[in-house]
């Protein structure tokens, strides 16, 4: 790695409680790892159905709505924007669920539950092949098991089951 300021090869520096961090001796600057941030959302309607989509690049599994956070955009605004862009519905509420680090490309996926009062989709046909409402009990079988979407859906269903017991 090289310094983005002076271009010299980075050394490393041991920082208490941080470990070994890339460091430029010339600029006296630490370079902490950067992580991209994206949202992933479980969209439900007032009938407690879950929106799952099929993307052009995906295979047989259904997916949740996801996308990268833009500069100066809050996580909640990103959830609303991505849902509006991909399936054309407005979000009435949005609640944080969990976050997951996606090692493959150093992305922090921030999971939300979003609610809409709309039932009809207007798809972004560049990204989405199909979107449909599913009974929440069927969703785990439709999402790839080793995915972040599957982990988030399991957590969401556990919360829903706990709330139904109350």
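Quick notes on this structure:
- For the range 73-94, taking the residues that are in contact (Cβ under 8 Å) with a residue 12 or more places away in the chain and touching a helix residue (DSSP H, G or I) at 6+ places or on another chain (Cβ under 9 Å), the one that is nearest to residue 128 (Cα to Cα) is identified as 89.
- For the range 30-48, a tally of residues being out of contact with any helix residue (DSSP H, G or I) (no Cβ under 7 Å at 6 or more places or on another chain) and at pLDDT 95 or above returns 6.
- Considering the range 1-95, the qualifying strands (runs of 3 or more DSSP E), each wholly inside and each with 2 or more residues that are surrounded by 15 or more Cβ atoms within 10 Å (Cβ to Cβ), run over 19-24, 36-45, 49-55, 65-68.
- Any hit, the range 59-72, residues being under 15 Å from residue 96 (Cα atoms), more than 15 Å from the chain's Cα centre (by Cα), assigned by TED's automatic domain parsing to the domain that holds residue 120 and in contact (Cβ under 8 Å) with a residue 40 or more places away in the chain: no
This table checks each residue for (1) more than 26 Å from residue 70 (Cβ to Cβ); (2) touching a strand residue (DSSP E or B) at 6+ places or on another chain (Cβ under 8 Å); (3) assigned to a loop (DSSP other than H, G, I, E, B).
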position	(1), (2), (3)
101	no, yes, no
112	no, yes, no
115	no, yes, no
124	no, no, yes
145	yes, no, yes
152	no, yes, no
159	yes, yes, no
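The values are calculated or read from the model by the stated rules, or taken from the named source; none is laboratory data. Here the structure is a predicted model, which is why all the values come from computation and not from measurement. No Cβ is skipped: glycine too gets one built from the backbone with ideal geometry, and neighbour counts run over all protein chains shown.
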